[in-house]
């Protein structure tokens, strides 16, 4: 009886803490969206407010009247993020499949090499990467922002862990006995099994690519090819320095697609991460 009461009290405390953490996580986004509807004067007087105002249209007019082009930035970011996510998902899953299903002499050193690459920050290789792009005359080409996603060591590691927990070798062997080629087995039998992991990694990869500022800022000089993060960085310039409502509106337009993606696919995150962390 005492233990039951203690468990109930503990559950109440846990729920209260979770609710508080949820509110603290959501509040910055709510404040940002509310401030997008307020004027600069209102924001200067009361920076924190939960009551929307009526200056959304005027903030949008100011935002679009200068150097911020959300439609171009949105489609550029959407193209890069979608293509890089698809490349990362397919080739990382294929690499993990090869590590799991084949036994070869350099298998363990190869996987250790992949893990070692994961430890190297991307900024360390940016000078060499930029020189290569410059010599190939591809500094303003979206391909140089998409193709590097094929080599995604963190995703290879996650997919390998997930396959070890869920992929049965009997399924692969049955496909081989039926005469299917390896790519047919992977595309028809393995990928459907990986759907929860693919959905989870799709969210993380898409968000990471969408929020990527450093690489596009280095490679892209054509304003028509600017991504949303680059355009958001322009909001810190002198032309928007005192237009706080417009700045908040620009940030809201940038974050809104990510919020929608999370709402649509969030149910896969917990299941995918949990299974990816289990080693069978």
For segment 84-102: of the residues being out of contact with any helix residue (DSSP H, G or I) (no Cβ under 6 Å at 6 or more places or on another chain) and in a helix (DSSP H, G or I), which is modelled with the lowest pLDDT?
98
Here is a list of conditions, (1) under 31 Å from the mean Cα position of the chain (by Cα); (2) closer than 17 Å to residue 251 by Cβ; (3) not in a helix (DSSP H, G or I), and residue 53 meets all of them except one; can you say which number that is?
(1)
Tally up the residues in segment 185-198 that are at pLDDT 85 or above, in a helix (DSSP H, G or I) and either surrounded by 13 or more Cβ atoms within 10 Å (Cβ to Cβ) or not assigned by TED's automatic domain parsing to the domain that holds residue 262 (or both), please.
9
With criteria (1) closer than 29 Å to residue 165 by Cβ; (2) at pLDDT 85 or above, residue 213 comes up short on (1)
Sort through 144, 138, 163 and tell me the only one that's at pLDDT 90 or above, in the same structural domain as residue 78 (by TED's automatic domain parsing) and in contact with a helix residue (DSSP H, G or I) (Cβ under 6 Å, 6 or more places away or on another chain).
144
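Taking residue 81 as the residue in question, decide whether it is assigned to a helix (DSSP H, G or I) and closer than 29 Å to residue 152 by Cβ.
Numbers: assigned to a helix (DSSP H, G or I): yes; closer than 29 Å to residue 152 by Cβ: yes.
Judged against the criteria, residue 81 is a match.
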Selection within segment 199-226 - buried (at least 17 other Cβ atoms within 10 Å of the Cβ) and not in a helix (DSSP H, G or I):
212, 220, 226
Need the failing condition index for residue 242 against (1) in a loop (DSSP other than H, G, I, E, B); (2) modelled with pLDDT of 85 or more; (3) under 30 Å from residue 54 (Cβ atoms), just the number.
(2)
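Quick grid of which residues meet (1) farther than 19 Å from residue 230 by Cα; (2) touching a residue at least 60 places away in the same chain (Cβ under 8 Å); (3) within 23 Å of the chain's Cα centre (by Cα); (4) not assigned by TED's automatic domain parsing to the domain that holds residue 148:
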site	(1), (2), (3), (4)
6	yes, no, no, yes
13	yes, no, no, yes
28	yes, no, yes, yes
46	yes, no, no, yes
73	no, yes, yes, no
80	no, yes, yes, no
88	yes, yes, yes, no
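The values are calculated or read from the model by the stated rules, or taken from the named source; none is laboratory data. Note that the structure is a prediction, hence the values are computed from the model and not measured. Every residue, glycine among them, receives a Cβ derived from its backbone with ideal geometry; neighbour counts consider all protein chains shown.
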